[in-house]
């Protein structure tokens, strides 16, 4: 493999292939709640989705990066993946028992966040659950870079993040069955020396 190809793949798989702690927790939660069929927007190369399929949960993904989808396929992830942006949801008329979204919500602007949450809720069955993991205002990159709006910063060229707290979560999810908010520090399991990132886990139930 050429050096540039190796470097590109390393960047694409910078989080390694072990699932995030919040994905492990959500897998257990979904099994407890008899959630059998889930949608995973922003599925990436499948590192956080495989733990669900390994435990008998059907997964459908959404991913904007064709390269990430190719990597998922190369690593044996065979579940359906829609190739496109979450801004264009829904991609099907199906209703799901659950939705899991890791590390995506905070990358969207206000309009797209509102539409995304609404679209996810729409695709839940009655009594279905959706779980989001999103970056917290306690994260070390909060306040860094150019401020674009309240709690919204361009932390590096081409990467903007909205940093949540419990109040803003209640504001954004209050009409979408919000039942719990909790903190979780996600370690980088691929690079043990990298600092953990402060996340918030948001759990909603469709009534």
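Bear in mind these aren't lab numbers, they're just calculated from the coordinates by the rules spelled out. Everything quoted here is computed from the prediction, not taken from an experiment. So basically every Cβ, Gly included, is an ideal-geometry build from the backbone, and we count neighbours across all protein chains shown.
Brief remarks follow.
- For the chain, built as a Gaussian network whose Cα springs stay under 10 Å, the top-fluctuating residue of 65, 79, 182: 182
- GNM flexibility winner over the chain from 52, 82, 29 (Cα, springs under 10 Å): 29
- Listing 134, 53 from fewest to most neighbouring C-beta atoms within 10 Å gives 53, 134.
- Normalising the average separation of contacting C-alpha pairs (under 8 angstrom, six or more residues apart) by the number of residues puts the relative contact order of the range 18-205 at 19 percent.
- Exposure proxy ranking, count of Cβ atoms within 10 Å, fewest first, for 156, 89, 161: 156, 89, 161
- Overall form of the range 18-205 per C-alpha gyration tensor (a/c, 1.5; a/b vs b/c): rounded
- Cβ-based exposure ranking for 38, 51, 62, in which fewest neighbours within 10 Å come first: 51, 62, 38
- Considering only the range 117-207, percent of DSSP beta bridges that pair antiparallel, nearest 5: 95 percent
- Within a Gaussian network of the chain (alpha carbon springs, distance under 10 Å), most fluctuating of 57, 179, 99: 179
- Label positions at residue 181 and residue 31, each projected 7 Å from the Cα along the C-beta direction, are separated by 3.0 nm.
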